[in-house]
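Student: Can you read through this structure? Questions will come right after.
The values are calculated or read from the model by the stated rules, or taken from the named source; none is laboratory data. As the structure is a computational prediction, the values presented were derived from the model and not from experiment. Note: ideal-geometry Cβ built from the backbone for every residue, glycine included; neighbour counts use all protein chains shown. Each accessible area value is taken on the protein alone, full model and side chains, heavy atoms only, with ligands, DNA and RNA left out. Shrake-Rupley method; radii C 1.70, N 1.55, O 1.52, S 1.80 Å.
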Amino acid sequence: MPATVATRYAQIGSSSINDMSTTSKEKSLASHLKTLHQKASRALILGQNSAAWEHSRTAVEHCTIERLAAEYGEQQASQLCCRLWILYICVVSSVTEVAETDGTLRIKQSVDGVRGVPESVRSVWTNVVSAFGGCAGDVDSEVLVPTVLLSLKLRDARTARDIVESWLATLSDEYMSLL
């Protein structure tokens, strides 16, 4: 049975990674991002790191709250962005190994076909903040936590601390009182 699932996924996953440019006009951005999320999740589970990377990278390149809110509603846009960024961070974690002393990420030797990995966890965080509107405090804590854990896994405690501090510093007083 697992061979059948893997074979079926290989057929599904063989479709163009750059589906964003070939999507029919009837298919919404949100629907397409959900499809990419599903493909990336399946690839990650099946150990197909290259496909997981390409699908998740493509999805987050097109995922911003602002872009999705008009079509999908702000709350659902936020939930979809959270899901996509969490998966992206998991994929980055699976294809990279201990960061260099300067925080630079390195692709694992056992991973083939992965190109365009972020330079550092700090650059991942910068992209996350941008996707959530440019303010660190607007990033959902569900995305913050895996990003911090990625930093710690890669032995980059300084970046982990900076991420948490930037997030806390930009939270509203109202939100802080709820913590």
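Student: Can you spot the aspartates and glutamates whose alpha carbon is less than 14 Å from K153's alpha carbon? Ignore those fewer than 8 places along the same chain.
Tutor: Reachable aspartates and glutamates: E97, E100.
Student: While we're on this one: Given R₀ = 25 Å, FRET efficiency for S141-I45 by Cβ-Cβ distance, to 0.05? Please report the intermediate quantities before stating the final value.
Tutor: Working: r = 25 Å, r/R0 = 1.00.
Efficiency, from the Cβ-Cβ distance: 0.50.
Student: So how do 60-66, 150-156, 100-106 stack up, highest first, on mean other-Cβ count within 10 Å?
Tutor: Numbers: 60-66: 18.3, 150-156: 19.9, 100-106: 13.7.
So the order, starting with the most tightly packed, is 150-156, 60-66, 100-106.
Student: Computed on alpha carbon atoms, what radius of gyration and Dmax characterise the stretch 37-125, expressed in Å?
Tutor: Radius of gyration, then largest Cα-Cα span, for the stretch 37-125: 13.8, 43 Å.
Student: What is the distance, in nm, between label points placed 7 Å from the Cα along the Cα-to-Cβ direction at S130 and at Q79?
Tutor: Calculated label separation equals 2.8 nm.
Student: Another one. Can you compute the modelled spin-label distance between Q109 and A169, with each label point 7 Å from Cα toward Cβ, in nm?
Tutor: The answer from the label model is 3.9 nm.
Student: So, one more: Would you work out what percent of the accessible area of the stretch 23-93, with all protein chains in place, is carbon or sulfur (probe 1.4 Å)?
Tutor: Numbers: 1570 of 3300 Å².
About 48 percent, which is the carbon plus sulfur part of the accessible surface.
Student: Using Cα positions and a limit of under 13 Å, work out the aspartates and glutamates in reach of K34, with same-chain residues fewer than 8 apart set aside.
Tutor: D19
Student: Right, here's the next one. Express the relative contact order of the stretch 55-179 as a whole percentage, based on alpha carbon pairs under 8 Å and six or more residues apart in sequence.
Tutor: On the way: 133 pairs, mean separation 29.0, N = 125.
About 23 percent, as a whole number.
Student: To continue, here is another question. For S120, enumerate residues with amide H under 5 Å from its amide H, sequence gap 5+ or separate chain, H modeled in the peptide plane.
Tutor: HN-HN under 5 Å from S120: L105.
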